[in-house]
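A quick write-up on the structure given underneath.
The values are calculated or read from the model by the stated rules, or taken from the named source; none is laboratory data. Just so it is clear, the structure is predicted and the values come from calculations on it, not from any experiment. No Cβ is skipped: glycine too gets one built from the backbone with ideal geometry, and neighbour counts run over all protein chains shown.
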Amino acid sequence: MAIALMLTVLSGIGISQDSANCADCHEDQTSYRQSVHQKLNCFDCHAGYKEFPHPERAAEAESPVSRSRIVSICERCHGNLKFVEDNRIPGRQLPVINYKESVHGKAISGGKLDAALCTDCHGSHKILAPTNTGSLVSRANSPSTCGSCHQQEFEQYTRSVHGKAHAQGKSGVPTCTDCHGIHSITHPGEARKTDAEKALGKTSCSRCHESEVLSREYSLPKDRVSSYLDSYHGLAVSRGSVAVANCASCHGVHEILESADPASSIHSSNLPATCGTCHPGASANFARGTVHQSRGNGHALVRWVSFFYVVLIIVVIGSMAVHNVFDFRAKLRSAAVSHAEPFFSRGEVVQHTFLLSSFFLLVVTGFALKWPDSFFGVLVPLGETYRRWIHRGSGVVMIALAVYHVLYLLTTFRGRTLLREFQPGWGDIRAGVRNFMFITGLRREKPDETYPGYVEKAEYWALIWGTAIMGSTGLLLWFENLTLRFLPLWALNVLTVIHFYEAILATLAILVWHIYFVVLDPTVYPLKSAKTKRTSEL
């Protein structure tokens, strides 16, 4: 009578008749009635237990719900694409497939039955939807659920800025699954190092630290990821470096603390030790500056130098372009001065060949390092390490060539003659003004042709200046550990800005000034021949 009454009650609250008898012995039926599986029969998972009394199992491994069989049981439904789509279960692929490819699934298939299973994270009978705050995999509970196995990581997380904010119930705070994923959790060592490094800056951390909404909500700087990706570290990661620092290298992994916390790895007192993991001998100078250098922060001198170079590039290259447009137009009418073609000795031809080659390699590898996803990256289809060493090797060649050229100027008769001829003076400025007035029509008298004139002298001394600046800053940046023993970090940032903008200035000057006068000038080969032929035909 009691059993019949029990069956009637259980039938009225939704448990199937087949499963109702289970309630006589198994008291967790209440939990089961609250789960997303409440419409299933107990026997759908616990196959082989319809008979009563239940058959005895010689060992736990023979149970249909043993740890070795849990995944296959869940796969019956969650491995069915139609079931997944009909029930709107998140995941691009089937959840079970994702799990099988994860670090947990591979461990289970490899016989490590203590690895996390479906029931370890979702529960067994009381499985609730992730949106339910009582679910083990809800945002509120996922850290503690993961912490049941990963105790040390959980303790570190609770001490971190993320864990403290999560405990306070703040929205948008990252939990374990935000960084590691849900079902397709891979071990950091399993993925390719480059992919793992890139994911930190471009995917994991950027989801929050580049979010305008979260930055405004929690008063966070919103340029932390972009400024990192624009730094040497970020660019090296984009170029495929496997040794350069990423977000976790400096901030930590789970126990990420505020920079003002004395225990934080990025506290000013700890930066020498943190930076010292990659930069042996790091001193307090590493803390004297801004790592996340951007337009909105950092040392004032960095901003002023950037502003100065931008204005300088606009004025200098713009003036060159205007000059050449008028010069080209005048020479097409045979009204301008024809610049004499220089005579090079055999040794000077060799010098120029090395200069041309090293400069070209410096430009393409330098810009490929700065913009790895640009045309220059395609032009130099090599990894970061090869690009870096080709760039540095080319720099060494140019510096060695500069030293040789200085010795050539001082120790040879030909060199001393060139040095006297290329001495700049006020007469060159006057000649330049007179010629510009002539080609623009403001002066009728045609200036005398001289060599070397203001065109050649301007280019020659610009080359000397650029080589000195680029060579010195390049060496200081190359040996940054030694540089930072004597200079603060902000000084290294200034050197980086100078090196970058000087490279742009030099490249544009070559393209706008030098290429014009040695190739595009109508009075020099090859356009001179075409112009002469056209004139004779007329």
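Just a few scattered comments:
- In segment 491-538, the residues that are among the acidic types (Asp, Glu), at pLDDT below 90 and buried (at least 18 other Cβ atoms within 10 Å of the Cβ): 521
- Selected residue (only one of 268, 259 is in a loop (DSSP other than H, G, I, E, B), over 23 Å from the mean Cα position of the chain (by Cα) and among the polar types (S, T, N, Q)): 268
- Residue identified as among the aliphatic types (A, V, I, L, M), touching an Asp or Glu at 6+ places or on another chain (Cβ under 9 Å) and assigned to a loop (DSSP other than H, G, I, E, B) among 237, 291, 244, 225: 244
- Selection over segment 367-395 of residues that are assigned to a helix (DSSP H, G or I), among the aromatic types (Phe, Trp, Tyr) and in contact with a helix residue (DSSP H, G or I) (Cβ under 7 Å, 6 or more places away or on another chain) gives a count of 2.
- Members of segment 90-133 that are in contact with a helix residue (DSSP H, G or I) (Cβ under 7 Å, 6 or more places away or on another chain), of a type outside the set (A, V, I, L, M), buried (at least 18 other Cβ atoms within 10 Å of the Cβ) and more than 12 Å from residue 74 (Cβ to Cβ): 125, 126
- Options 150, 125, 166; residue that is outside the structural domain of residue 220 (by TED's automatic domain parsing), within 26 Å of residue 65 (Cα to Cα) and out of contact with any Asp or Glu (no Cβ under 9 Å at 6 or more places or on another chain): 150
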